[in-house]
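First the structure, in the form of structure tokens, and then the observations on it.
Any read-out appearing in this document is the output of simple, stated calculations on the displayed coordinates, not a laboratory observation. Keep in mind the model is a prediction, meaning the values are calculated, not measured. Cβ placement follows ideal geometry from the backbone for every residue including glycine, while neighbour counts extend to all protein chains displayed.
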Amino acid sequence: MRLRSAVCPHPGAPPPGRAGSAIGVFVVPVGQSAPVAGASYALRLADGSVRVGRADRRGQVLELNAPPGEVSLVAVDELLR
């Protein structure tokens, strides 16, 4: 499964680029036009760590302590290859 992502600051989060930034990511599988509730995800953070799980009922993932830098959303099955 391929995914596309949009990353946006979580309301009330520290300014982007500072350690401990909170971010929100909506999981929208390729071929879909809206976030999908309960979709599996893997977030690859700028420090190389990976967070895996399922999106909430809105199709959103909240990462409350993202390190500064780029975040990418990858399909869980891509990590297993």
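Using the Cα gyration tensor of segment 40-81, with a ≥ b ≥ c the square roots of its eigenvalues, what is the shape: rounded (a/c below 1.5), prolate (a/b larger than b/c) or oblate (neither)?
In terms of gyration-tensor shape, oblate.
Placing dummy labels 7 Å off each Cα toward the beta-carbon, the span from Asn65 to Ser33 is 4.0 nm.
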